[in-house]
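Enquirer: Structure in structure tokens, see below.
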Amino acid sequence: MKNSIVVILAAGESTRFKSDIPKVAHNLLDKPVILRLVKKLQSAFVKIIIVVGHKKDIIINKLSEHAAKSGKSGLVFVEQKKRLGSGDAVKQAEKAVGNFKGNVVILCGDIPLIEKNTLKNLIQFHTKKKAACTVLTFEPENPFGYGRIVRDESGIKAIVEERDADEATKKIKESNSGIYVFSAVALFDSINLIKPDNAKNEYYLTDIVEILKKKNKTVAAYKISDPSEVMGINTRNDLSNAENILRARILKKLMIDGVTITDPATTYIGEDVKIENDTVILPCTVIKGNTSIKTKSVIGPFSHIDNCKIGAGSKIKASFLCGTDIPAGREIGPFADIRHGKKLFAAQPNKVL
């Protein structure tokens, strides 16, 4: 992946979100959707190019704040001034890609659940096939709205958008995820040949498949088994579903690592939280921020812990803690409210730090 650049498309108007904020700037488990994606990719790619447009300053500011805090840069912003489709958006990145001869990975900024290992496997597959383009595909339960993958003996023959598909094509379940890896040379040798000959009069990036095929270039398909990885966030309902998926991933890993979570349905644990084995998390508990909890602690029920360090064998019952260090073996609550080390209220002061 070190021989690859990634282009993130984030210029859309997010009309279905009904918000003054671009959908990719909305929080998903306390981090903006696009920041979650960028953080995942920063260590793997030599450059990240982000195509912005609608309310671009909001997106740029959020990502720039992260870059300033983390000390990681490598982000390049380019603007798509008119929303003329995905093909036009990618064309805006051509100058930023420059003379780079490696792979260009293209994905949308609203697909935050994609795993880094999946992209690694996609690039490896693309290299093995010696393809000009490889499309990440999947089979959703209901493919309505997705571009359909029309195959031939060598790989992909065409990608047909829903609006332009006939009835036979609409019956195809294999769908385009909107994630691609291209040879940079093949991509930018062909991008200007895309024409807006479709129902929306836009430049579809998917049309590049037929262009490459006419040049006798290989267009491959790499199909994944988990559709949730390529779930796009187009509505607030999608955002909620994505959060549920992320929460489930976090809780599953903690339980595999030896943490007891008695009621996952009512437990919220952030991805930066560290919890040691033999700790028990009781129902209706929220743990977030850079919190660490040592072994054999009992947290909850009805506790909210944010950016705290909890010592081994501690018990935190029905309490609010923020920015506080709790020594080992202490019992807090019920109904304690401790912020930044200061005790504000405690129903049982003899048990509270």
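Enquirer: To two decimal places, what compactness ratio does the stretch 57-132 give when its Cα radius of gyration is scaled by 2.2 N^0.38 Å? Working shown, then result.
Expert: Values: Rg = 14.8 Å, N = 76, 2.2 N^0.38 = 11.4 Å.
Scaled against compact globular proteins, the figure is 1.30.
Enquirer: Using a basic spin-label model with each label point 7 Å from the Cα along Cα→Cβ, how many nm lie between residue 3 and residue 200?
Expert: 3.4
Enquirer: On to the next question. Determine one quarter of the surface area of the Cα convex hull of the chain, which equals its mean projected area, and express it in nm² to one decimal. Before the final figure, lay out the partial values.
Expert: Numbers: hull surface 77.4 nm².
Quarter of the Cα hull surface area: 19.4 nm².
Enquirer: Still on this structure, please answer the following. On the accessible surface of the stretch 13-89, probed at 1.4 Å, how many percent belong to carbon and sulfur atoms? List each step's numbers first, then the result.
Expert: On the way: 1800 of 3680 Å².
With neighbouring chains kept in place, the figure for the stretch 13-89 is 49 percent.
Enquirer: Hey, another quick one. Largest first and in whole Å, what are the equivalent-ellipsoid semi-axes of the stretch 16-102 based on the Cα gyration tensor, each being the root of 5 times an eigenvalue? Can you show the working numbers first?
Expert: On the way: eigenvalues 87, 72, 22 Å².
Each semi-axis is the square root of five times an eigenvalue, giving 21, 19, 10 Å.
Enquirer: I'd like the carbon and sulfur percentage of the solvent accessible area for the stretch 92-188, probe radius 1.4 Å, heavy atoms only, ligands and nucleic acids excluded.
Expert: 47
Enquirer: Can I ask one more? Let me check I've understood the local charge: for residue 165, count other residues with C-beta under 12 angstrom from its C-beta, Lys and Arg +1, Asp and Glu -1. What total comes out? Mind showing how you got there, number by number?
Expert: Numbers: positive: 148, 163, 170, 171; negative: 161, 162, 164, 166, 167.
Local charge sum for residue 165: -1.
Enquirer: Could you look at the stretch 212-353 and say what percent of its accessible area is carbon and sulfur, using a 1.4 Å probe and all protein chains?
Expert: Values: 3820 of 7190 Å².
Carbon-and-sulfur percentage of accessible area, whole number: 53.
Enquirer: Translational diffusion coefficient of the stretch 92-161 at 37 °C, 0.692 mPa s, Stokes-Einstein with Kirkwood Rh over Cα pairs, in µm²/s as a whole number.
Expert: Details: Rh = 14.4 Å.
The estimated diffusion coefficient comes to 228 µm²/s.
Enquirer: Taking the Cα atoms only, what angle lies between the long axis of helix 116-129 and the longest principal axis of the chain, rounded to 10 degrees?
Expert: Relative to the chain, helix 116-129 is tipped by roughly 20 degrees.
Enquirer: Net charge near residue 211: determine it from the other residues with C-beta under 10 Å of the C-beta of residue 211, scoring Lys and Arg +1 and Asp and Glu -1.
Expert: Working: positive: 195, 213, 214, 215, 217; negative: 189, 207, 210.
With Lys, Arg at +1 and Asp, Glu at -1, the neighbours total +2.
Enquirer: For residue 47 and residue 330 in one chain, what is 0.36 nm times their gap in residues minus the Cα-Cα distance, to one decimal in nm?
Expert: Numbers: separation 283, 0.36 × 283 = 101.88 nm, distance 4.75 nm.
Here the answer is 97.1 nm.
Enquirer: Let me ask something else. Just grab the label-to-label distance for residue 257 and residue 215, each label 7 Å out from Cα along the Cβ direction, in nm (one decimal).
Expert: Placing both labels 7 Å beyond Cα along the Cβ direction yields 4.6 nm.
Enquirer: In Å and on Cα atoms, what radius of gyration and Dmax does the stretch 212-353 show?
Expert: Over the stretch 212-353's Cα set, Rg and Dmax evaluate to 20.2, 79 Å.
Enquirer: Compare 284, 322 by solvent-accessible area with a 1.4 Å probe and give them largest first, with all protein chains kept in place. Before the final figure, lay out the partial values.
Expert: Values: 284 55, 322 25 Å².
The most accessible residue leads, giving 284, 322.
Enquirer: For the chain, which span is the longest to avoid every loop-located (per DSSP) member of GluC sites (Glu not before Pro) having at most 14 other Cβ atoms inside 10 Å? Before the final figure, lay out each step's value.
Expert: Details: sites that count: 13, 115, 141, 153, 271.
With a cap of 14 other Cβ atoms within 10 Å, the longest stretch comes to 154-270.
Enquirer: Find which of 289, 126, 262 sits farthest along the positive direction of the dipole of the chain, computed with +1 on the beta-carbon of Lys and Arg, -1 on that of Asp and Glu, about the Cα centre.
Expert: 289
Enquirer: Next question. Plugging the Kirkwood radius over Cα pairs into Stokes-Einstein for the stretch 150-190, at a temperature of 4 °C and a viscosity of 1.567 mPa s, what D comes out in µm²/s? Present the calculation step by step, with values, prior to reporting the outcome.
Expert: Numbers: Rh = 12.1 Å.
Value of D from the Cα-based Kirkwood radius: 107 µm²/s.
Enquirer: In addition: So what is the accessible area of the chain per residue, in Å², with the probe set to 1.4 Å? Intermediate values should be presented prior to the final figure.
Expert: Values: 16980 Å² over 353 residues.
Result: 48 Å² per residue.
Enquirer: Among the trypsin sites (Lys or Arg not before Pro) in the stretch 98-198, which ones are in a DSSP loop with at most 15 other Cβ atoms within 10 Å of the Cβ? Mind listing them? All intermediate terms of the calculation are to be shown ahead of the outcome.
Expert: Values: sites: 101, 116, 120, 128, 129, 130, 148, 151, 157, 163, 170, 171, 173; in loops: 101, 130, 171, 173.
Taking the stretch 98-198 and a limit of 15 other Cβ atoms within 10 Å, the loop trypsin sites (Lys or Arg not before Pro) found are 101, 130, 171, 173.
The values are calculated or read from the model by the stated rules, or taken from the named source; none is laboratory data. Being a predicted model, the structure only gives us computed values, none of them experimental. Methodologically, a virtual Cβ is constructed for each residue, glycine included, from the backbone with ideal geometry; neighbour enumeration extends over all protein chains shown. The area values use the complete protein model at the heavy-atom level, side chains included, leaving out ligands, DNA and RNA. Shrake-Rupley method; radii C 1.70, N 1.55, O 1.52, S 1.80 Å.
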